[in-house]
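As structure tokens, the structure follows; a few thoughts come after it.
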Amino acid sequence: MTHHIKPKSSGTLVETTPTSAGWKYLGFKVVKLEAGEKFNVSSHNNEIAVVPLQGEALLRVAGQTFNISRKSVFQEVPHVLYIPPRQDLVIEA
């Protein structure tokens with residue numbers, strides 16, 4: 001089976017769910033935020049790994065705030081923030 005997913009120009013650029021990919025567990029989402037924009041997500045019964053591709057953001061979860069940044073996928077290795085199940089996450093660019 002071949003999948004070719006074309007990105008959108010803003011907001012959620014790419015989203016692949018286990019159902020859409022024919023997988024059992026793993027989903028994948030790429031979100032583009034402009035400076036000052038926020039993205040809210042709940043982990044429900046899932047785990048989330050936040051991996052910055054480029055830019056800077058504040059992540060707020062479980063009463064804690066984390067700063068993450070990355071020059072680009074070609075210039076730096078990423079930091080990863082793990083979000084456990086049943087948590088609300090706010091990402092602010």
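The values are calculated or read from the model by the stated rules, or taken from the named source; none is laboratory data. Fair warning: this is a prediction, and the values are worked out from it, not measured in the lab. We place every Cβ from the backbone using ideal geometry, glycine too, and count neighbours over all the protein chains shown. Just the protein is used for accessible areas: all its heavy atoms, side chains included, with ligands, DNA and RNA removed. Shrake-Rupley method; radii C 1.70, N 1.55, O 1.52, S 1.80 Å.
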Leading residue at positive end of dipole, the chain (Cβ point charges), from ALA35, ASN67, VAL51: VAL51
State which stretch of the chain is the longest one without any exposed GluC sites (Glu not before Pro), exposure meaning a DSSP loop state and at most 12 other Cβ atoms within 10 Å. 1-33
Work out the length of the dipole vector of the chain about its Cα centre, built from +1 on the beta-carbon of each Lys and Arg and -1 on the beta-carbon of each Asp and Glu, and round it to the nearest 20 debye. 220 debye
Ordered by number, the chymotrypsin sites (Phe, Trp or Tyr not before Pro) in region 51-93 that occupy a DSSP loop and have at most 15 other Cβ atoms within 10 Å are PHE74
Using a 1.4 Å probe on the protein heavy atoms, what percent of the accessible area of the chain belongs to carbon and sulfur? 53 percent
Excluding exposed DSSP-loop trypsin sites (Lys or Arg not before Pro) (at most 14 other C-beta within 10 Å), longest clean stretch of the chain: 25-70
Could you give the nm distance between label points at VAL30 and GLN75, where each point is 7 Å from its Cα heading toward the beta carbon? 1.8 nm
Normalised by the residues of the chain, what does the relative contact order come to in percent, with Cα pairs under 8 Å and at least six apart? 29 percent
